[in-house]
Every structure is written in C-alpha cells, then in structure tokens.
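Chemist: This structure is in structure tokens; I'll ask about it shortly.
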Amino acid sequence: MNGLVICSAKCSTLCDPYLNIFRGLIPPLGGTLDLSPILAFLVLNAFTSTAAALPAELPPTGISQELPTSCTTASNLSTSQQKWIRRLYGSRRRSGDN
C-alpha cells in the first residue's frame, strides 16, 4: 500500500501542473467529477499529431542547390525527406520568379 502512495504522489507531482491549466477552464461537475483530464488529453493529442505532421528530417547536406530530377526519386531518401525537398525548392522557385 505504501508503494501505491509513493507512485501516486510522483504521478501527481508530474501531472498536476499541466492539469491545473484545464482545471481553471472546466469546473468540476457536482463538486467532485473532474473532466479536465479529458480536455488535457485531447489537447495533448492535437499537439502530438501536429508535431508528427511537421517535417522532422532535413535533406542531406550533399544535395546541390539546384533540384536535380533524380533527387526526388532517389531511393536513399525517405518520403518525408522528398516532401521537404519539394517544399524547399518549390518555394525557392516561386521567390526567384519575382
């Protein structure tokens, strides 16, 4: 039983600062039912999904400044690297047209 109290105290110390943000937005129902963790998980899930959608890989440094046609079809680049290269060089082409 003592181990459960220690574990609960550590989890509370870690999670309460984040949950307190949402406890100020959603008052407890009936005085005891706290729905703020549901909103906290939804917001955390939204941020996690957004972060996962961002390009996390940069193209290798050996790629030249011009976009070679073989660069986007190279088998050694991952899909996210290919998308990043297309975005990078596509924006450079548009800004160079001005």
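The values are calculated or read from the model by the stated rules, or taken from the named source; none is laboratory data. Note that the structure is a prediction, hence the values are computed from the model and not measured. Note that we place each Cβ from the backbone using ideal geometry, even for glycine, and neighbour counts take in every protein chain shown.
Chemist: Give the range 24-41 a look and list any residue that's outside any loop (DSSP other than H, G, I, E, B) and either hydroxyl-bearing (Ser, Thr, Tyr) or more than 23 Å from the chain's Cα centre (by Cα) (or both), or say none.
Modeler: Hits for the range 24-41 are Leu29, Leu33, Ser36.
Chemist: Could you identify the single residue in Leu39, Leu88 that is touching a Phe, Trp or Tyr at 6+ places or on another chain (Cβ under 6 Å), surrounded by 10 or more Cβ atoms within 10 Å (Cβ to Cβ) and modelled with pLDDT of 65 or more?
Modeler: Testing whether each residue is touching a Phe, Trp or Tyr at 6+ places or on another chain (Cβ under 6 Å), surrounded by 10 or more Cβ atoms within 10 Å (Cβ to Cβ) and modelled with pLDDT of 65 or more leaves just Leu39.
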